[in-house]
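Structure first, then comments.
Readers should treat all values here as calculations from the given coordinates under stated rules, not as data from a laboratory. This one's a predicted model, so the numbers in the text were calculated from it and none came from an experiment. Positions of Cβ are backbone-derived with ideal geometry, glycine not excepted, and every protein chain shown enters the neighbour counts.
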Amino acid sequence: MFVDLVSGQAHTLGVGTHNFMDAAEVARADSDPVIKARLDSCVFKGAVKESGEWRAVPMCSMNQQKWAAIYEERLRDPSLATQPQVFAPDEAEEAELVQARS
């Protein structure tokens, strides 16, 4: 793409920026019409499956609300207890943890 751009062969070039809102701003969306309007008009959205249906959720909202709800739901799934965990300590780390607790 860069070569096409500098050689004049690029037909269009789209540049965009995104100003993420922090969790405190997103949490006020129900009471702040400006924040609600920003979330409603956002084009940077992620797909989330809720109750079997996919819907597009603004990334700011997803970062603040959706991931917490998704993780909470997943952590309540009893089948997770039987699955190997990515960050499970190895035997040496486990021994250190046991020793530190005593």
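Identify, please: which residue in the range 45-102 is closer than 28 Å to residue 22 by Cα and of a type in the set (S, T, N, Q) and is, among those, surrounded by the fewest Cβ atoms within 10 Å (Cβ to Cβ)?
Among residues in the range 45-102 that are closer than 28 Å to residue 22 by Cα and of a type in the set (S, T, N, Q), the one surrounded by the fewest Cβ atoms within 10 Å (Cβ to Cβ) is 51.
Would you mind stating whether residue 26 is in a helix (DSSP H, G or I) and either at positive phi or in contact with a helix residue (DSSP H, G or I) (Cβ under 7 Å, 6 or more places away or on another chain) (or both)?
Details: in a helix (DSSP H, G or I): yes; either at positive phi or in contact with a helix residue (DSSP H, G or I) (Cβ under 7 Å, 6 or more places away or on another chain) (or both): yes.
Here the answer is yes, as residue 26 does meet what is asked.
Out of curiosity, is residue 37 assigned to a helix (DSSP H, G or I), over 15 Å from the mean Cα position of the chain (by Cα) and at negative phi? Lay out the reasoning, then the answer.
Working: assigned to a helix (DSSP H, G or I): yes; over 15 Å from the mean Cα position of the chain (by Cα): yes; at negative phi: yes.
Answer is yes for this residue.
Listed residues 68, 95, 56; which is of a type in the set (Gly, Ala, Ser), in a strand (DSSP E or B) and without any contact (Cβ under 8 Å) to a residue 24 or more places away in the chain?
56
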